[in-house]
Amino acid sequence: APSSDDGGTAAPDTLRVGIFHPDVTFAAFYAATGEDGALTKALEDNGVELQIEYIPSGSNLMAALNGGTLDAALVPATALLAVSSQGGDVAPLAGIYTGAGQMIIGASQYEDTRGEDVDAFDGATWAFTRVGSIGHAVARMTAEEAGLDWADQTELPLGSGSEAQAVLETNRADILVTSPVNAARAVESGVGYLVANSEADEDAPLGMALNTVLAVNGGFEKKYPEFSQVLTTGVLDGLVELKDLTDPEEALALMPPEFVEAVSDSWDLQWEYAHAGIQRAGGVFTETEVEQGVESALLSAAVPEDFKLDETFFDNTYARAAFDALGVEIPEGAL
Amino acid sequence: MSRVWLVISQVLFVVAILVGWELAASTGVLNSFLVGQPSKIAQQLGLWIADGSIWFNTGATVFTTFLGYVAALVVGVIIGSFIGSSAMMEKIAAPFLSFWQGFPRLVFYPFFAVMLGYSIASRAVHVAFVIVFVIIVATATGVASADRDVRQHARILGASPTRIFVDVDLPSATAWIAASARVTFGLAIQAAIVAEFTGAQNGLGYLMVLGQNSFNVNVIWAATSIAVFVAFAIDMLIVRSQRYFDRWAVRADSA
Amino acid sequence: MTDAIARAETKTVSNSQHPGAPAPAVELIDVSQTFRTKSGPHLAVRDIDLTVNEGEFVSVVGPSGCGKSTILYMVAGLRPPTSGEVHVLGKRVTAQTGPDLDVGFVFQKDAVLPWKTALQNVALGLRYRGASKRSAEADATEWLARVGLAGFGDRYPAQLSGGMRKRVAIAASLVLTPKVLLMDEPFSALDAQTRMIMENDLLSIWEETKQTVIFVTHDLEEAVGLSDRVITMTAGPGTILSDRASGLPRPRDLQEVRFEPAFTRLHEMLWEDLREQVQIASSRASAAGVGDGN
Amino acid sequence: MTDAIARAETKTVSNSQHPGAPAPAVELIDVSQTFRTKSGPHLAVRDIDLTVNEGEFVSVVGPSGCGKSTILYMVAGLRPPTSGEVHVLGKRVTAQTGPDLDVGFVFQKDAVLPWKTALQNVALGLRYRGASKRSAEADATEWLARVGLAGFGDRYPAQLSGGMRKRVAIAASLVLTPKVLLMDEPFSALDAQTRMIMENDLLSIWEETKQTVIFVTHDLEEAVGLSDRVITMTAGPGTILSDRASGLPRPRDLQEVRFEPAFTRLHEMLWEDLREQVQIASSRASAAGVGDGN
Amino acid sequence: MGTETRAIAVEVPPRSAVGKIVGIQFAIGAAFVLIWQLIGEVPGVATLIGTPLGTLAQLGEWVFDPEFWGNVATTVMNAFVGFLIGVIGACVFLALTYPIRLVRRFVSPFLAVLNAVPRVALAPLFIVWFGIGSGSSIAFVVAMIFLMIYINIFTGLSTIDQVYVHNAQMLGARGWQLAQSVYIPAVGTWIMSSLRLAAIWSVLGAAVAEYLAGSRGLGGYLARGGVLGEPDMLIAAAIVIAIISLIADALLSRLEKRYARWRLF
Ligand SMILES: Nc1ncnc2c1ncn2[C@@H]1O[C@H](COP(=O)(O)OP(=O)(O)OP(=O)(O)O)[C@@H](O)[C@H]1O
Ligand SMILES: Nc1ncnc2c1ncn2[C@@H]1O[C@H](COP(=O)(O)OP(=O)(O)OP(=O)(O)O)[C@@H](O)[C@H]1O
Ligand SMILES: [Mg+2]
Ligand SMILES: [Mg+2]
């Protein structure tokens, strides 16, 4: 079994981690890389330099991870499943965010008339980030949950986050399903209001779906098993630190300056929307998480309809060892 | 005779590449996850042909491209010939043209979409926006390089400025516009595809998003190969029409 | 240094003042043209005073590079003079006015539109004047035949020989019967026979239309045979060296007029006028070196 | 219909066989050239048999468009004949061989490189042959002066007059003293005096070098004055109509040779040969309509 | 045709005109900014294209930010290396393929096909093949400009007036000499125009590649501005990118002027 306290661990010179952009759903990772973060220390001990690559497109990020130009990445479980179903070579180490992580935001003009009644949005234009994204699935499930027929709704897949506000402001969309960051921005700027939060309730659709996963390139994992353990332990330490916090300021205090700068304008709302997902994340992969994760992958057609999960794919070896090392009890339900 | 051989050798070349690719991918020499596999691409294409979606999606992209192209051509030729008609105008316009040429236009589709709605119209405008500056520059250069003696000949025969434009400037700019047509068309189709990445329910760009989403490189290749096929067909058309516009010239090859 | 002498001579030999002559069609008053080149300004022609009356046929001869083409460009309104005034048909020609519809120009270089067929090229001016395609092409066909190119109407210029292209350009100009016709060595690309036929043709057209013609040539016989007056020019910077009336009878047959004594006399006088100029031109060029001529 | 007659005539008037003559420098054996045009193939010249011996000076005259330039292009190796054989300096010229280093060509159209100065243009061939820049430019300077362009060395072609450009082209060719020199109306853009000087110059150079010259012109006097033999051609599709030796003495002074009876006689014979051809050319063209001449 | 002629049409504007030109340019520039401001008033649009003032503020912030200059350097480097490789590659390939008719005809349809490949869609492949960062940026630049140059010059070559080629051939030019004294100068206008286009697209290509793939370089700002909805950053970055291509273009046009000595008036 991999262990981290041998002292002389085989490690790369630099660790290249791919991330979409600084986002509250990656908070665990950032907490670990704060000035006093566990990962920061561990990397220092091993003489490894951390290099974060921001890649704003999921497919490019996955391509880089799979192709080995990234060592590790924070990616949605859906993407991992898709890649592995296509024969890609990636290894999930730990889950750091659970739930769909999508906010349902209505255009401000409806705040008084429709409020939080999703069924009042029947026949509306529903905007979401991309065709086949989690947002797409959540939009559909939210509508159907409220008794609407998805076929009656108009779909509007967007590209970048910058459009999120604009489409609400210009009435190009009535309702928007988006990430906590974009949602917080839209609400903060007054163009939208929160209709529903997919994180509000564990029992909500995909409420327990495995979302953000710390994953490494398959080859990297084979080459540096000890270092992969160091990485996992570091990140899970961050997760554990964050789990019990409710105050956004306290959480932010753990983060590195670049993250603070990037999220500062609407951090409080982001935290409010998203911290449930952090608290729900077990670090280890649980059966429910994986089940719902696969469901969401199927829903978004990221994997073929006849997809069968390889039992060994979500392997908790590293996470268990990490919790052991941290002296924390392994969350229940672990696979 | 030699023409037939040429075509045969070209076909053989393509076949060799495809076979090599297929073998390499199926034996694992190439990582098929990363580079795809011809047989699977063909399979995907077959699927689209079978369910008929290929026509609709291809049609949408071609239509967008075409619309945007024509718009850019009209606007570009008008502005370009205006600019090319005097050295002063060229001087004035030069920095603006290079500025807009150098502006990363491909990433600004959201702007048009929000301004004009998520529709074919906004996508076509985006296409036009991406290529129009190239056409302006080509036209201006072409007009400026019209033979002065010929222009004066036409003037003396009584040509009005418009007639000079039609009879002298435009024909001599045609070579430039046509030459840039091959380059701009490649850009136009890319612009259409990029526009279809967002807010679209159909089109080749939409298919590519689907492929990217499921990390299925074969889907991306399949959509790409349609785009390439379409663009190639149009490229042939462009070359043909280039030849038509140049019918008066005695080519090196013709003797 | 020799300039002063040359100028003085010009004045003495000048005999262009016909008393009670008809209205002037073309007038150049103290005209000069300077080109900007990399090695500084280049004076091409200077102090040109020239009056061509309506219906006159005037030829201009002079050493190569003396500024004959430059003068025609100024009259045509294509290159306004750097100093002096040019009047054509009573109107002053400036940079603003541009070419006059009543002025035709056959350029030295063949300048037909490469992307139009011979027929289209000849029909062009008529079309510009609003003629219907049909009538313009009918006229053009007739004129193509007149310059010996019947049957070549649908050829593009690149498919014609040098002489044929020139004839297309001539037809394109003549079909418009401009009041003032400027011709810059129009026949130099033609073979002797075609040339003779076309010279005769030009003369007979002219007898009918009585256009004002300024005709640049380097063939003295042609100049004498065709014109009422022959202007000779000095080597560049060109000025007018002599201006001689021919006094030959009209109408003429070119083949016969050659043997008149007046013809031979004028021919010899012109030859004399010019002989020295050519020497001057080459010796001055050698002496002046790179930054030539001013 | 008239072709058969024209051909028969060719044979009878032909008198080019000098017994015991020196080796042929240029030989055309049953040569034809067909151009592909939009309105079908166009036969430009046909059945040309012509031998030019080493050191001979042969002129070619004929109606405009009869194929004079086409013949030079074939000899130069720039446009291989569609049928027949061309031999130059003992080697057969085909599409593969391309132009021979020992053949020079002065083109009818302006062909000096616009992006090189007059001096660079003249030095070009020497540089191609590996001469140092220095020596090439020294030679070129000398030749520029010889064609009356001393001091114009650093001008670009667009800054020269038409006649000056032509002289640059001539100098560029002559400086290489090619064994076979092809000249396509080299002097037609020059004024009478410059032309006379250059003709005399050409003759005196030729007396020294004894190059083989094929000289296309449309000036019969020039043809007679310069050449040993004058070839006339029929209207297109061009064939050889007559081939006449001049029999005038060498060395000649052009101003004087004009008055020899042999000169006048040959001049008149050529004029007669061609008179009919020009008529044929225009009438055939009119008759044939669009798809002309074959 | 078109090669020797442009020259003649270009007149040198007198010195007094220079002030006027700058004045007009200034007015046009001001009009642009005004239009930008006005469009920004449309609801929702300002969140996409920002405002002139906000953008100016962003630019002001960057001036003192060493990281920004580092990004500029990265983009310029990527563009420059890609440009060099693309230009040299295209010229070498042209020299290898153009002279032989058979080769030229063999490759021609393949080039047309390659030119038609929507390179933006294949960004993931570039990342996989060339890694993130400079490798894929440079490769992307080369992919953008290679055919642009090749096709342009190719077209230029086929418009050369044959009489120049013939003349040089008769004077004894062979192979490289012919290329050097006729083909290259005759397609000068084409070469320069394609180089200028290529320079601009090199900068653009580098930025787009960075936008799609790498964090370093100006493209990273585009990505961040887009994803995080910071329009001022997006536009400011786009402007900086445009200015860099403007500079590249100006440098090349200076070169062009030097080259075009023979086309004087
Ligand atoms: N655009 C120009 N720039 C500079 N110099 C010029 C230009 N055009 C003509 N020249 C010069 O002006 C002088 C006169 O030229 P022009 O063409 O009028 O001569 P020309 O008498 O017509 O000669 P030719 O009989 O050879 O045609 C020449 O010395 C020529 O070099
Ligand atoms: N590239 C071409 N394509 C088609 N026809 C051509 C081409 N070049 C020449 N011709 C035709 O071939 C014939 C001979 O042309 P060529 O140029 O040899 O005549 P030429 O005797 O030199 O006439 P000129 O004295 O007018 O220069 C003409 O009828 C011409 O129209
Ligand atoms: Mg002239
Ligand atoms: Mg000819």
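The values are calculated or read from the model by the stated rules, or taken from the named source; none is laboratory data. Keep in mind it's a predicted model, so treat the numbers as computed, not measured. We place every Cβ from the backbone using ideal geometry, glycine too, and count neighbours over all the protein chains shown. Note: areas computed on protein heavy atoms with side chains; ligands, DNA, RNA excluded. Shrake-Rupley method; radii C 1.70, N 1.55, O 1.52, S 1.80 Å.
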Looking only at residues that are under 16 Å from D:Val52 (Cα atoms) and in a loop (DSSP other than H, G, I, E, B) in segment D:90-115, which one is nearest to ligand 3 (Cβ to nearest atom)?
D:Asp102
Looking only at segment D:31-47, which residues are touching a Lys or Arg at 6+ places or on another chain (Cβ under 9 Å) and away from ligand 4 (no atom under 16 Å from the Cβ)?
D:Val31, D:Ser32, D:Thr34, D:Thr37, D:Lys38, D:Ser39, D:Asp47
Could you pull out the residue among D:Val45, D:Val58, D:Val75 that is in contact with a strand residue (DSSP E or B) (Cβ under 6 Å, 6 or more places away or on another chain) and either within 16 Å of ligand 3 (Cβ to nearest atom) or within 14 Å of chain C (Cβ to nearest Cβ) (or both)?
D:Val45
Can you tell me which residues in segment C:32-70 are basic (Lys, Arg) and open to solvent by 30 Å² or more (accessible area, probe 1.4 Å)?
C:Arg36, C:Lys38, C:Arg46
Kindly evaluate C:Val122 against the criterion of being in contact (Cβ under 8 Å) with a residue 40 or more places away in the chain, assigned to a helix (DSSP H, G or I), buried (at least 23 other Cβ atoms within 10 Å of the Cβ) and away from chain D (no Cβ under 13 Å).
yes
What is the number of the single condition among (1) in a loop (DSSP other than H, G, I, E, B); (2) open to solvent by less than 20 Å² (accessible area, probe 1.4 Å) that A:Glu202 does not meet?
(2)
If the Cβ limit is 7 Å and pairs must be 6+ apart or interchain, which residue in segment C:221-247 that is at positive phi and open to solvent by 10 Å² or more (accessible area, probe 1.4 Å) pairs with which residue that is of a type outside the set (Val, Ile, Thr) and not in a strand (DSSP E or B)?
C:Gly247/C:Ala262
Of (1) over 20 Å from A:His136 (Cβ atoms); (2) aliphatic (A, V, I, L, M); (3) at pLDDT below 85; (4) within 18 Å of the chain's Cα centre (by Cα), A:Ala319 satisfies every one except (3)
Which of the residues that make up segment D:76-108 are within 12 Å of ligand 2 (Cβ to nearest atom) and open to solvent by less than 20 Å² (accessible area, probe 1.4 Å)?
D:Phe107
Tell me, yes or no, whether segment E:97-113 has at least one residue that is at the interface with chain B (Cβ under 10 Å from one of its Cβ atoms), open to solvent by less than 30 Å² (accessible area, probe 1.4 Å), assigned to a helix (DSSP H, G or I) and in contact (Cβ under 8 Å) with a residue 24 or more places away in the chain.
yes
Considering segment A:291-327 alone, what residues qualify as being touching a helix residue (DSSP H, G or I) at 6+ places or on another chain (Cβ under 8 Å) and of a type in the set (A, V, I, L, M)?
A:Val294, A:Ala297, A:Leu299, A:Ala301, A:Ala302, A:Val303, A:Leu309, A:Ala319, A:Ala321, A:Ala322, A:Ala325, A:Leu326
Kindly indicate whether any position in segment D:198-210 is aliphatic (A, V, I, L, M), touching a Leu at 6+ places or on another chain (Cβ under 9 Å) and part of a strand (DSSP E or B).
no
Could you please find all residues in segment A:44-65 being open to solvent by less than 10 Å² (accessible area, probe 1.4 Å), part of a helix (DSSP H, G or I) and touching a strand residue (DSSP E or B) at 6+ places or on another chain (Cβ under 8 Å)?
A:Leu61, A:Met62, A:Ala64, A:Leu65
Condition first: closer than 20 Å to C:Arg165 by Cα and within 16 Å of ligand 4 (Cβ to nearest atom). Can you find one or more residues in segment D:48-59 that meet it?
no
Report yes if some residue within segment A:113-123 is under 25 Å from the mean Cα position of the chain (by Cα), surrounded by fewer than 22 Cβ atoms within 10 Å (Cβ to Cβ) and among the β-branched types (Val, Ile, Thr); otherwise report no.
yes
Every residue from segment C:125-163 that is out of contact with any Gly (no Cβ under 6 Å at 6 or more places or on another chain), within 28 Å of D:Phe35 (Cβ to Cβ) and part of a loop (DSSP other than H, G, I, E, B):
C:Val147, C:Gly148, C:Leu149, C:Ala150, C:Phe152, C:Gly153, C:Asp154, C:Arg155, C:Tyr156, C:Leu160
Taking into account only those residues within segment B:149-172 that are at the interface with another protein chain (Cβ under 8 Å from one of its Cβ atoms) and more than 17 Å from C:Ala76 (Cα to Cα), which is surrounded by the fewest Cβ atoms within 10 Å (Cβ to Cβ)?
B:Arg163
Determine whether segment B:176-192 contains at least one residue that is of a type outside the set (Asp, Glu) and within 23 Å of A:Glu155 (Cα to Cα).
yes
Some residue of segment A:294-312 being hydrophobic (A, V, I, L, M, F, W, C), surrounded by 15 or more Cβ atoms within 10 Å (Cβ to Cβ) and over 21 Å from A:Met141 (Cα atoms):
yes
Select the helices (runs of 4 or more DSSP H) contained entirely in segment A:228-335, then report the ones holding at least 2 residues which are over 22 Å from A:Leu194 (Cβ atoms) and touching a residue at least 60 places away in the same chain (Cβ under 8 Å).
A:257-263, A:287-299, A:317-326
Qualifying positions in segment D:159-171 - facing another protein chain (nearest Cβ under 7 Å) and open to solvent by less than 10 Å² (accessible area, probe 1.4 Å)
D:Gly163
Tally up the residues in segment D:105-114 that are of a type outside the set (A, V, I, L, M, F, W, C), more than 13 Å from the chain's Cα centre (by Cα) and at the interface with another protein chain (Cβ under 7 Å from one of its Cβ atoms), please.
1
Any helices (runs of 4 or more DSSP H) falling wholly within segment B:15-112 and containing at least 3 residues that are modelled with pLDDT of 90 or more, assigned by TED's automatic domain parsing to the domain that holds B:Ala173 and open to solvent by 70 Å² or more (accessible area, probe 1.4 Å)
B:38-51, B:53-84
State which residue pairs qualify: first residue outside any helix (DSSP H, G or I) and inside segment E:32-43, second residue open to solvent by less than 80 Å² (accessible area, probe 1.4 Å) and at pLDDT below 85 in any location, beta carbons under 6 Å apart, and separation of 6 or more residues or different chains.
E:Pro43/A:Glu169; E:Pro43/A:Thr170
Pick from D:Val175, D:Val180: which is within 17 Å of the chain's Cα centre (by Cα), farther than 30 Å from C:Glu222 by Cα and surrounded by 20 or more Cβ atoms within 10 Å (Cβ to Cβ)?
D:Val180
Filter segment D:144-158 for residues that are open to solvent by 30 Å² or more (accessible area, probe 1.4 Å) and not small (Gly, Ala, Ser); which is nearest to the other protein chains (Cβ to nearest Cβ)?
D:Asp154
Cross-chain or 6+ apart pairs with Cβ under 7 Å, segment C:84-104 first and within 14 Å of another protein chain (Cβ to nearest Cβ), then among the β-branched types (Val, Ile, Thr) and in a loop (DSSP other than H, G, I, E, B):
none
